[in-house]
1. Can you sort 98, 177, 75 by solvent-accessible area, 1.4 Å probe, largest first?
2. At 222 nm, what value in deg cm²/dmol follows for the chain if DSSP H runs of at least 4 each add -39500 (n - 2.57) and the sum is divided by all its residues, to the nearest 500?
3. What angle, in degrees between 0 and 90 and rounded to the nearest 10, separates the Cα long axis of helix 208-217 from the longest principal axis of the Cα atoms of the chain?
4. Cβ under 15 Å from residue 58's Cβ, residue 58 left aside: what net charge do those residues give with Lys, Arg +1 and Asp, Glu -1?
5. So, for the chain, what is the accessible surface per residue at a probe of 1.4 Å, expressed in square angstrom?
6. Relative to the Cα centre, what is the charge dipole magnitude of the chain, using +1 at the beta carbon of each Lys and Arg, -1 at the beta carbon of each Asp and Glu, and rounding to the nearest 20 debye?
7. Taking only Cα atoms, what is the 0 to 90° angle, nearest 10, from helix 92-101's long axis to the longest principal axis of the chain?
8. Got a sec? What order do 58, 43 fall in by accessible area at 1.4 Å, biggest, i.e. largest, first?
Amino acid sequence: MTSAFVFDIDGTLADTPSAIAELIGDVVRGLGADPSHADVLATVGKPLEASLAGLLGTCVHDTVTAEAAARYRRRFTTDVLSRGPELLLPGVAEGLDRLRSAGRPLGIATSKIYASAHALLDATGILNRFDTVICHNMVERGKPHPDMALRALADLRAQASLSWYVGDTVTDMTMARAAALRTVAVSYGVDTAEALAAAGADHVVADFPSVIDVLLRGTPLTARVTPRATTRTLTGTSPEPTGALS
């Protein structure tokens, strides 16, 4: 068995959380809700129907919730995917190419559903960099359980103790640790550097080039491990977006 690198998408490879929050807020306001900015931000990273129901004051299976989810999904292509490669965070395409050139298998383990993950990876132009894409609806249990990470490792024929997971949330770190993967957390996504470190991340870095340094060399070349300045009210405990949110 070999070593492999497995990645989250939202907030790690693509700058989608802010666009997702903006879209969710617009959808629920169109249905009569008036949530605060903080309330909308707090839903980023959680399953769509549950998030919408909480903001709308409805039940998950309510018809109003279903309508909100349908509106969200209809607009996701025009409001988010249409941004294409501009969604990629700095250094991502080049960094993935460096890993491919090094001969390392690459995978995705994301809480998106399969269709949404492929659509986003394709829109941003990086789908062909990955040897496997494992999604929320492909396993029995999603994050923070290890199922997605373990399936990705199986597809890549990789050994957990030699492999790495890269993500931006406490939930990502919990999943990876449960799968016995080594971890790199990025502080520019959903959760703060402090929360990610407290969750047991092996490395917390502030940019994607530093991710590549760790994966290829075991440590960042420069001291770029700094907390992310943020005005968010997130507490470092939210899971990343599911396919419903993407």
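The values are calculated or read from the model by the stated rules, or taken from the named source; none is laboratory data. From a predicted model like this one, the values you see are computed outputs, not experimental measurements. Virtual Cβ from ideal backbone geometry, glycine too; neighbours counted across all protein chains shown. Just the protein is used for accessible areas: all its heavy atoms, side chains included, with ligands, DNA and RNA removed. Shrake-Rupley method; radii C 1.70, N 1.55, O 1.52, S 1.80 Å.
1. Working: 98 100, 177 135, 75 75 Å².
These residues rank, largest area first, as 177, 98, 75.
2. -12000 deg cm²/dmol
3. 30 degrees
4. Values: positive: 29, 71; negative: 34, 39, 49, 62, 67.
The answer is -3.
5. Accessible area per residue, the chain: 41 Å².
6. Values: 22 positive and 27 negative charges, 99 e Å.
Computed about the Cα centre, the dipole is about 480 debye.
7. 30 degrees
8. The ordering from most to least exposed comes out as 58, 43.
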